[in-house]
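The next block holds one structure in the form of structure tokens; read it before the comments.
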Amino acid sequence: MTIFLILAPYGAYAMLMLVTSATTSLFAAAAICLAVIAFDIVRGRSIKILGAGSVIVFTAVGGYLALVDPAFSNSAIKFAVDVGIFLVSLGSIVMRAPFTLQYAREVVDAETAKLPGFLRANYVITWAWTGAALLMMVGNIALIYVPGLPLWSSLLVAFAARNSAVYFTRWYPEYRRVKYGTPPANALPGTN
């Protein structure tokens, strides 16, 4: 359920980009991010770095389109969003608070959260998500600079990168448990 809530704004944004204006898509995605944040608050959970960062990214790019350059190409818009998410993810690592750590701490017991491998696992998983964002940026750059490249190629890169990160998020904690014999340090709830 949590992975669905985390990815819902991005899925809605991608789907809406196909049927409505980019500005509408971006502001709808920001609204969904705010709804997910509100849902977390109601459940007594913390405001997540990724959720708050995503609101800022979607709102900033949407505001740029609405107020500065409404003729921005769809590929450039997707690239701007991917850069923003990349910076949020990388920024969480630089700040020594990998964004996956907030999700993980909410689903494991206190003893597991204190294990040295728990923090390391969250850094590794956050790096995987940062790499996925980088691959999506590359896919969108290719669309901008390689004329005639079909739109589906960028979508394929984004789909493969995102799904690989989801799979890795589910796989890596179990791998660590088997390798090191410690309880799984789930990166995200609902990934067992």
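The values are calculated or read from the model by the stated rules, or taken from the named source; none is laboratory data. Values in this document were obtained by computation on a predicted structure and should not be read as measured data. Heads up, the Cβs are rebuilt from the backbone with ideal geometry, glycines too, and the neighbour counts pull from every protein chain shown. Surface accessibility is based on the protein's heavy atoms, side chains included, excluding ligands, DNA and RNA. Shrake-Rupley method; radii C 1.70, N 1.55, O 1.52, S 1.80 Å.
In region 1-125, the portion of solvent-accessible area held by carbon and sulfur atoms comes to 71 percent [1.4 Å probe, whole percent, DNA, RNA and ligands not counted].
Based only on Cα atoms, what Rg/Rh ratio does region 28-122 have, Rh being taken as Kirkwood's radius? Result for region 28-122 is an Rg/Rh of 1.07.
I need the calculated FRET efficiency for the pair I144 and M95, taking r as the beta carbon distance and R₀ as 35 Å, to the nearest 0.05.
Details: r = 30 Å, r/R0 = 0.86.
That gives a FRET efficiency of 0.70.
Run the paramagnetic zone check for I41: 7 angstrom along Cα to Cβ, then residues of region 85-109 with backbone nitrogen under 20 Å. Inside the label zone: 102-103, 106.
Need one number: convex hull volume per residue for region 1-73, Cα atoms only, in Å³. Provide the component values of the computation, followed by the final result.
Details: hull volume 5.7 nm³, N = 73.
Hull volume normalised by residue count: 78 Å³.
Residues considered: V81, V19, V124. Largest GNM mean-square fluctuation over the chain, using C-alpha springs under 10 Å, is found at V19.
Anything in the chain that counts as a DSSP H helix reaching 18 Å or more along its axis (C-alpha) with Kyte-Doolittle mean of at least 1.0? List them, would you?
Details: long enough: 2-19 (26 Å, 1.95); 22-42 (30 Å, 2.12); 49-67 (26 Å, 1.94); 74-94 (29 Å, 1.57); 116-145 (44 Å, 1.09); 151-180 (43 Å, -0.13).
Long hydrophobic helices here: 2-19, 22-42, 49-67, 74-94, 116-145.
What residues of region 86-124 lie in the reach of a label at Y175, counting those whose backbone N is under 11 Å from a point 7 Å from the Cα along Cα→Cβ? Of the residues in region 86-124, 124 have backbone N under 11 Å from the label point off Y175.
Would you work out the Kirkwood radius for the chain? I mean one over the mean of 1/r across all pairs of different Cα atoms, in Å. Mind showing how you got there, number by number?
Numbers: mean 1/r = 0.0579 Å⁻¹.
Result for the chain, one decimal place: 17.3 Å.
Could you sort L87, L143, L119, L26 by their accessible area in this structure, using a 1.4 Å probe and putting the largest first? Spell out each step's value before the answer.
Details: L87 105, L143 30, L119 70, L26 0 Å².
Most to least solvent-accessible, the answer reads L87, L119, L143, L26.
Using Cβ point charges alone (K and R +1, D and E -1), the dipole size of the chain about the Cα centre works out to roughly 480 debye. Net length available on complete extension from Y123 to T20 is 33.4 nm, with 0.36 nm assigned per residue and the Cα-Cα distance removed. Separation of region 87-117 from region 8-65 is 22 Å, based on Cα centroids.
Multiplying the residue separation of I3 and A113 by 0.36 nm and subtracting their alpha-carbon distance yields 37.6 nm.
Counting heavy atoms of the protein chains only and a 1.4 Å probe, report the per residue accessible area for region 1-154 as a whole number of Å².
On the way: 7670 Å² over 154 residues.
That works out to 50 Å² for each residue.
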